[in-house]
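Some notes on the structure that comes next.
The values are calculated or read from the model by the stated rules, or taken from the named source; none is laboratory data. Keep in mind it's a predicted model, so treat the numbers as computed, not measured. A quick note on method: Cβ atoms are made from the backbone with ideal geometry, for glycine too, and the neighbour counts reach across all protein chains shown.
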């Protein structure tokens, strides 16, 4: 059936003509027949973010110009014949409504709307040759995918089988017993009556999917998920050669103020210990006191949940075979989470919520057991709710290709001092400009980084030297101490003539003497 549109739809053609070719739009004149490059664009749109192919339109210096197609019905039939031919195209993603003949200025134009392919349909390739005939879109052009990019799409073609696979070339001693002990303590904190707590280690690891029995030798070996979650870094890279995770704080002019990497040999280098080390460093950006037992929450706020969900998503959804690294970056004006791999479902759908496609479901199960991670498809809702609670901007989501990685950014939109307002990350305003507010966030207690080598008095002096003055509430946040402790310290510093007091009551401020 050939769909013809006119009237209101003509306006949509007019709006298309207002644009130039780009990442979601490709114009082709098609004066004789279907252009061969049409199929490369079909593959590229399907493997990227989808897009619109318009036949009967050409690009000129002044923009897009309608030239029409001479026999639209015939071209549409040729298109459907080819797109349904698996020898030509690996997957037909279209329905009848996605292809239409539309009229503009008395000329016929064919519009083909190509959706983004789901993970189980990618790669969409041509001529039965995925390695040489798979394409992606980059700006105005289509480029041939590398073997590594095709391999990544083929891995995602499966439904979570890969992280449950047993690795017969690795022994159980690839797993760090101290990490397993810490994980069991975390489970005991969250679920003290859980029946698996009484099991021996092998039985426990079998139950959670960290080890499995190989069909090759009928012996127990780590699974991919177990290796990532509990293994030693030098064993992990035997299976995942590009595996690398990093936490960094970049709060000043230095290259970094604090850094944790998986390959420094000072700790196990696995996912669970990375989680345990990094979570306290980002939780200090939230407003209320927070305690951890085995890396598990004891006290919560919506912003705690948002940061914890973001970190868990980063670790669970990463493609650890991918080229990019897993990075958590705490900066003066933002907190960024990066994981290798693309999004397995349309990013717009993922951000709306309600639908989830897990790259590493066994890892997700392990985190869920210790109370980490929300129900499937609700992660973005949790993050938005946390930001809303803290009066902060919503997180910003980006997907990058070649190399493939996903970036999630939490901006710190700090406010200038104006009465008793608080910054969007839940911290009290800390000075007469945004730099001072960011300094207060950055120097909060809880990490090895910024100002951590200074005494409490020196941290207060450094802070006030930047902000001109401070309130007791700001010093509480700066040092992570109670109201009375901050008051006692400030009183001692006034008596020692390091500070002077101005104002009274709630208007009391402290300045350098």
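Of the residues examined, residue 382 is not one that is at pLDDT below 70, under 15 Å from the mean Cα position of the chain (by Cα) and more than 27 Å from residue 150 (Cβ to Cβ).
Within the stretch 224-246, restricting attention to residues that are surrounded by 23 or more Cβ atoms within 10 Å (Cβ to Cβ) and in contact with a strand residue (DSSP E or B) (Cβ under 6 Å, 6 or more places away or on another chain), the residue that is farthest from residue 172 (Cα to Cα) is 245. Scanning the stretch 66-97 for residues that are over 27 Å from residue 149 (Cα atoms), in contact (Cβ under 8 Å) with a residue 40 or more places away in the chain and either not assigned by TED's automatic domain parsing to the domain that holds residue 131 or not in a helix (DSSP H, G or I) (or both) gives 66, 67, 68, 69.
When the stretch 160-174 is limited to residues that are surrounded by 13 or more Cβ atoms within 10 Å (Cβ to Cβ) and without any contact (Cβ under 8 Å) to a residue 60 or more places away in the chain, the one that is nearest to the chain's Cα centre (by Cα) turns out to be 165.
Candidates in the stretch 465-491 are the residues that are touching a residue at least 12 places away in the same chain (Cβ under 8 Å) and over 20 Å from residue 284 (Cα atoms); of these, the one that is surrounded by the fewest Cβ atoms within 10 Å (Cβ to Cβ) is 465.
Which members of the stretch 175-189 meet the condition of being surrounded by fewer than 17 Cβ atoms within 10 Å (Cβ to Cβ) and either farther than 21 Å from residue 222 by Cα or not assigned by TED's automatic domain parsing to the domain that holds residue 227 (or both)? It would help to see each step written out before you state the result.
Quick first cut of the stretch 175-189, residues surrounded by fewer than 17 Cβ atoms within 10 Å (Cβ to Cβ) only: 177-178, 181, 185, 188.
The answer is 188, and nothing else.
Screening residue 70 on (1) at pLDDT below 95; (2) closer than 30 Å to residue 318 by Cα shows it passes everything except condition (2). Would the stretch 41-49 turn up any residue that is modelled with pLDDT under 95 and not in a helix (DSSP H, G or I)? Checked the stretch 41-49: at least one residue is modelled with pLDDT under 95 and not in a helix (DSSP H, G or I). The single condition among (1) assigned to a loop (DSSP other than H, G, I, E, B); (2) within 21 Å of residue 373 (Cβ to Cβ) that residue 242 does not meet is (2). If you filter the stretch 202-213 down to residues that are in contact with a strand residue (DSSP E or B) (Cβ under 9 Å, 6 or more places away or on another chain) and surrounded by fewer than 16 Cβ atoms within 10 Å (Cβ to Cβ), you find that the one that is nearest to residue 232 (Cα to Cα) is 202.
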